[in-house]
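Reading through the C-alpha cells given below for one structure.
The values are calculated or read from the model by the stated rules, or taken from the named source; none is laboratory data. Source: prediction; values computed, not measured. Every residue, glycine as well, gets a Cβ built from its backbone with ideal geometry; the counts of neighbours run over all protein chains shown.
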Amino acid sequence: MIFSSLPFLIFLPIVLLLVALLKQEQHRRIAIFAASLFFYGWWDWRFCFFLVAASTIDYWLALKIQQAAPIQKRRWLLLSLASNLGILAAFKYVGWLLHNINQLTGWNLPAVDIPLPLGISFFTFQAMSYTIDVYRGQFNPTKRWFDFSFSMSFFPHLIAGPIVRASHFIPQLDKEHPIERDNLLDGLATFSKGFLKKTLLADQFAVCVDVVFANPAFFSSGTVWLGVAAYTAQIYYDFSGYTDMAIGLARMFGFQFPNNFDHPYLSGNITDFWRRWHISLSSWLRDYLYISLGGNRKGRLRTYVNLALTMLLGGLWHGANWTFVVWGGLHGLALAMHKLISERWPNPGQVRRLLGVPLTLLFVMVCWVFFRAPSFDVASIVLRKMAFIDSVGCDWPYVQALLGLGAAIGAHVYVAFDRRLAFDFRKPIFLTILVVALIIDLMFAPTSHGAFIYFQF
C-alpha cells in the first residue's frame, strides 16, 4: 500500500475517522496499532507475526539490560544486537553471500531466495537504538509491551523511515492524542507537499532514469548526463517526499517526527551533505556505529578509518550488492579527506566556498551512478559516457525531465537565498497553489505510481 496510491488514500480517512470517534486514548492506540498491522500486512500478512515477534524480543531484552548487574548488561546487549543483525543478515544478505562464495570458490551452493520483509533495515535499526540507549543509561525502557510495539509498528515510519528512536517517540505516549483540527491541517499540508514531490516530480523523473540506465550504451553523453541528473533529483524528491508524507501522517494523529532532509544539494562540502541528507540515518550511523568504533578518540588515523568504515557499512546497509559498498566507500573516503583538509586548512578561502556547492553536487551525482546502476558494467558505461570517452549515441531530450529539473533548480536557488521559505496550508495563497498543483498532478503525472525507492531497503 503506497502512500500515493488509491488504496491508501481510502485507508487513511477511514482510520482517521475511526480514531476521531473513539473517546478513550487506549482505544485510539489499539485502533492505530491494528491499522498499522493491516497496512504492513497488505503486502504479506505473514510478516505481521515477524514484526510483533521482533518487537517483543527487544522489549524483553531491554528490560533485562536494565535489571542486570553491570557485568551482565553487555551480554544482554550483545544478544539484542545478534538478534537484530542476525534477522537482517538472514533475510537480506544470505543469498548474496552464497552467490559470492560460489563466484570465488567455484562451488555450487544452492541459491536461497528469502522474501524480504518491507522496511526490515529501518525497524531493526530502530530496535537496536532502543537497546543501546538503555545499555548506555540514556533511556529507561518502557514497562508496557504495547507502548514499545506501538512505537515500532506505527505505520507512517514503518516502511522507509525516518528512523524514529524510541527515546524520541515513546515519551510522546505519556499524553493523549485526540484528532485535532490544527494537527490535521498541518499534517495535511506536509503530506500534500510530499505527495506532490513523489507523484509530480519523482515519478516523472523515474521515466527518464529507468530508460537511460536500462541501456546507457544506446544514448549520447548528453542524454546520459540528463539521466544521472534526473536520478539525482528523483531519489531526493522520492525519499524526501516519503519523509514529508510520513511526518504529515504522524502529525495528523498528534505525533511529532524528526526532520530527515535539509536541502542537501545546497551543501558546501560532503560533511555538510551528510548533515542534511537522510538525517535520521546519518545521525544513527554517527551515534551507534562511528562512536562505537572509537569515533575521533583514538588519534587522527583511526578517526579517518572509522569514518570510512562507517560509510562502507552504511553502503552495505542499503543493499546486498557491491555497487552499494562502493557507493558507501566513496563517501567514506570523501568524509575522511574533508576532515583532513579541514584540520590542515580550517578557514576555507573564498574560492573554496564558491566552488564547494557545485563540486559537492558533482561528486554526489557521480556516486549516485553506483547507487542506481544494477551492476558495475552498467556503472562503467554510464561513467564513460559522463566523461565523454564514448559520447556517441541517441539524443533524447526528455521534456518532462528537463522541465522538472528546471523547477527543482529554481526552488533550490530560491531557498538558497531565502531560508524562511514557508509552507502553511492555512494561508489562502498556499491553499490555491496546492489545489492547482494537485489538479496538474492528477492530469499529467504518471497514472501508476511506483514504489518508493527506499522500500527495497
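Assorted remarks:
- Just so you know, in the stretch 98-121 the residues that are without any contact (Cβ under 8 Å) to a residue 24 or more places away in the chain and of a type in the set (A, V, I, L, M) include one that is surrounded by the fewest Cβ atoms within 10 Å (Cβ to Cβ), and it is Leu104.
- Residue in the stretch 314-333 that is within 30 Å of Leu88 (Cα to Cα), among the aromatic types (Phe, Trp, Tyr) and in contact (Cβ under 8 Å) with a residue 60 or more places away in the chain present: yes
- Close pairs (9 angstrom Cβ cut-off, 6 or more residues apart or separate chains): charged (D, E, K, R) in the stretch 124-145, assigned to a loop (DSSP other than H, G, I, E, B) anywhere: Asp133/Phe139; Asp133/Pro141; Asp133/Arg165
- All helices (runs of 4 or more DSSP H) inside the stretch 35-132 with 3 or more residues being within 17 Å of His318 (Cα to Cα) and not small (Gly, Ala, Ser): 70-92, 94-105
- Helices (runs of 4 or more DSSP H) lying entirely in the stretch 264-344 (those with 1 or more residues that are in contact with a Gly (Cβ under 9 Å, 6 or more places away or on another chain) and among the hydrophobic types (A, V, I, L, M, F, W, C)): 279-284, 300-318, 322-344
- Subset tally (residues that are among the charged types (D, E, K, R) and either within 25 Å of the chain's Cα centre (by Cα) or over 21 Å from His27 (Cα atoms) (or both)) for the stretch 137-165: 2
- Single unsatisfied condition, Leu173 versus (1) farther than 12 Å from Leu51 by Cα; (2) buried (at least 18 other Cβ atoms within 10 Å of the Cβ); (3) out of contact with any Asp or Glu (no Cβ under 7 Å at 6 or more places or on another chain); (4) not charged (D, E, K, R): (3)
- Sub-9 Å Cβ pairs linking a first residue in the stretch 291-309 that is farther than 16 Å from Leu330 by Cα to a second residue that is among the acidic types (Asp, Glu), at least 6 apart or interchain, are Arg300/Glu343, ordered by first then second residue.
- Scanning the stretch 62-92 for residues that are basic (Lys, Arg), closer than 13 Å to Val134 by Cα and buried (at least 18 other Cβ atoms within 10 Å of the Cβ) gives Lys64, Lys73.
- Selection from the stretch 1-34 of residues that are buried (at least 16 other Cβ atoms within 10 Å of the Cβ), part of a loop (DSSP other than H, G, I, E, B) and not hydroxyl-bearing (Ser, Thr, Tyr): Met1, Ile2, Phe3, Leu22
- Unique match (being surrounded by fewer than 21 Cβ atoms within 10 Å (Cβ to Cβ) and outside the structural domain of Thr56 (by TED's automatic domain parsing)) among Leu201, Leu188, Leu226: Leu188
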